[in-house]
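First up is the structure itself, then whatever we jot down about it.
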Amino acid sequence: MATMIPAVSWLRACWTLLVCCLLTPGVQGQEFLLRVEPQNPVLPAGGSLLVNCSTDCPSAKQVTLETSLSKELVDNGTGWAAFWISKVTGDNRILCSGYCNGSQIIGSTGITVYRLPERVELAPLPPWQPVGQNLTLHCQVEGGSPRTSLTVVLLRWEEELSRQPAVEELAEVTATVLAGRGDHGAHFSCRTELDLRPQGLRLLVNTSAPRRLRTFALPVTPPRLVAPRFLEVETSWPVDCTLDGLFPASEAQVHLALGDQVLNATVTNHGDMITATATATARADQEGARQMICNVTLGGERLEARENLTVFSFLGPILNLSEPSAPEGSTVIVSCMAGARVQVTLDGVPAAAPGQPAQLQLNTTENDDGRSFFCSATLEVDGEFLHRNSSVQLRVLYGPQIDRAKCPQHLKWKDKTKQVLQCQARGNPLPQLQCLKEGSSQEVPVGIPFLVNVTHNGTYQCQAVSSRGKYTLVLVINIEAGNSHFVSVLLAVFTTLGVVTVVVALTYDFWARKRRGLYHVRQESPSLPLTSMPTEAMNEEPSRVE
């Protein structure tokens, strides 16, 4: 069974044995030693060990093990004894003792207990570390022995940043690194190394949980915000916000808002640039001066841009006719109005004041059909003048009528010729024009070329008909027969030809006689006609009249 000796008694026994050993001479001049095996053992905390105490003295007696540890005799014999030591929790020293020839002999060895650190922890890293600034790593190590063999290593991935011994029981080891873009997403950790290789054991390693570092960089310039200066109620307009020179752009957050209204933004990034686009729609309750806001947040820091924006309401112009379709001769009132603060002008005549309507009154005539009225509205918004226009067209109901000046009431046409009856009807609504022969259903086309014949001779009633009534105009068409005309022309031609032939013959005869100068006077004739001489007498000498 194990024997437990109080610590004070154990120290006294050790001192007594040591004094006896030094003062007692060796047996017959020979000195015997008491060996303890193994020498200087190294155990894990809570481990067990088999210790052998032995001597070469042939008369050795009472070999025993002196220790405060839990022990158990395993076996013994002349000059030796074996003990099982268990639950070794700390460094200790054991002592073997015995007697040789009446003198006490002793032997001792030290037991070294090793244990891994109870806690190896890398202190939390900042959520975001600015690029270009120093970062200090803190590794805390609690426990672990032997301390002289314990080393703390700080790591980035597997790269050693610092190696230092762990001196205190609660040691804190630090290292400083310059954070860069390449450190974004890097894992940092700390590792303890208990080197027991000099004692014949191995290197024992204990590593903390890794911590991931996030680095960031922001430009010094604010975001570039593109937004409208004015936005009308219930209208939409695109908004863009861009920021260049931030890292990592993919992890930046963009917030777009119109006043307190958060916009649904679509965010894209390319390299170190981030762009957010959204559509801003103004509400009626936002009318007035507002701000468009763009916030870019990264690494717990924020860059902001603001642009002034005015939300306005621009009602009108509203242009109305008291009667959009008015009968000819009726009174029509034209009015134009708009919202508050809006100045309206109707056909060049402004209203009395902003927000007041403009009006004009007219008695409609045929000439007013299709007349357009124009109204312009002007609103001043933050020093800028906004304009809008509106127009309306008046429809005057008149007619039907047939223009007598453009529709001859007496026509004389030749048979078998192509003619066009030029008549026009006007009115609103547009009337239908039809010319029918009296006493029959024969119709003469209006405005279309047609072949005239003798059946078209007669009196016609031309009627213009619309939903407002009808208008009738009487016209007469006379058709001249084609044969009598031909005979008259032929007789005239022959008469002309006969007269021309006689004139030509007489003229020729006269000139022929005159050229010869010969005339014959008949005595028996009471008259003295001039006649031409016969041909045979032309060579005779002329006679003299007596």
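The values are calculated or read from the model by the stated rules, or taken from the named source; none is laboratory data. Given the structure is predicted, the values throughout are model-derived calculations rather than measurements. Cβ placement follows ideal geometry from the backbone for every residue including glycine, while neighbour counts extend to all protein chains displayed. These area figures cover heavy atoms from the full protein model, side chains too; ligands, DNA and RNA do not enter into them. Shrake-Rupley method; radii C 1.70, N 1.55, O 1.52, S 1.80 Å.
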- Task: Summarise the accessible area of segment 34-114 (1.4 Å probe, protein heavy atoms) by the percent that is carbon and sulfur.
- Result: 47 percent
- With a 1.4 Å probe and every protein chain kept in, tell me what percent of the accessible surface of segment 119-216 is carbon plus sulfur. 48 percent
- So how many Å³ per residue does the convex hull of the Cα atoms of segment 162-268 work out to? 180 Å³
- Using every pair of alpha-carbon atoms in segment 34-114, split the distances into 10 Å bins beginning at 0 and state the percent of pairs per bin, rounded to integers. 21, 52, 22, 5
- Taking K and R as +1 and D and E as -1, what net charge do the other residues with C-beta under 11 Å from the C-beta of Leu43 add up to? +1
- Note on the structure: The alpha-carbon pair-distance distribution computed for segment 22-178, with 5 angstrom bins and whole-percent values, is 2, 8, 14, 13, 10, 9, 8, 7, 6, 6, 5, 4, 3, 2, 1, 1, 0
- Task: Express the accessible area of segment 119-216 per residue in Å², computed with a 1.4 Å probe while the remaining protein chains stay in the model.
- Result: 51 Å²
- Local electrostatic count at Val233 - Lys and Arg +1, Asp and Glu -1, tallied over other residues with Cβ under 11 Å: -3
- Just how large is the dipole of segment 224-311 about the Cα centre, in debye to the nearest 20, putting +1 at every Lys and Arg Cβ and -1 at every Asp and Glu Cβ? 80 debye
- For segment 298-457, just the Cα atoms, rotate onto the principal axes and tell me the three extents in Å, largest first. 104, 46, 22
- Item | Spin-label zone in segment 232-259 - amide nitrogen under 16 Å from a point set 7 Å from the Cα of Glu307 along the C-beta vector | 232, 236-244, 255-259
- Task: Using Cα centres only, tell me the gap between segment 170-237 and segment 444-474 in whole Å.
- Result: 100 Å
- Message: For segment 331-373, I need the span (max minus min coordinate) of the C-alpha atoms along each principal axis, in Å, sorted largest to smallest.
- Response: 37, 16, 14
- Sum up the charges of everything whose Cβ sits under 12 Å from the Cβ of Thr365, counting Lys and Arg as +1 and Asp and Glu as -1, but leave Thr365 out. -3
- Query: At q = 0.26 Å⁻¹, what base-10 log of I(q)/I(0) does the Debye formula yield for segment 401-480 when every alpha carbon is treated as an equal point scatterer in vacuo?
  - Reply: -1.31
- Item | Loop-located GluC sites (Glu not before Pro) in segment 389-480, at most 12 other Cβ atoms within 10 Å (DSSP) | Glu438
- Check the straight Cα-Cα distances from Lys71 and name the lysines below 21 Å, setting aside those fewer than 8 residues away within the same chain. Lys61, Lys87
- Item | Size of electric dipole in segment 34-114: Cβ of Lys, Arg +1 and of Asp, Glu -1, about Cα centre, debye, nearest 20 | 100 debye
- Item | Within segment 318-397: Cβ-based charge dipole about Cα centre, in debye rounded to nearest 20 (Lys, Arg +1; Asp, Glu -1) | 140 debye
- Item | Overall Cα dimensions of segment 184-245 - principal axes, largest extent first, Å | 85, 26, 9
- Task: Keeping all protein chains in place, calculate the accessible area per residue for segment 224-311 (probe 1.4 angstrom), answer in Å².
- Result: 51 Å²
- Volume per residue of the C-alpha convex hull in segment 224-311, rounded to whole Å³: 77 Å³
- Task: Measure out, as a whole number of angstrom, how far apart the alpha-carbon centroids of segment 44-116 and segment 364-400 sit.
- Result: 121 Å
- Which whole-number value in Å² is the accessible area per residue of segment 401-480, probe 1.4 Å? 58 Å²
- Query: Just in segment 85-157: which GluC sites (Glu not before Pro) are loop by DSSP and have at most 11 other Cβ atoms within 10 Å?
  - Reply: Glu118
- Note on the structure: When the charge dipole of segment 318-397 is computed with +1 at the Cβ of Lys and Arg and -1 at the Cβ of Asp and Glu, the Cα pointing farthest to the positive end, of Val342, Ser376, Ala352, is that of Val342
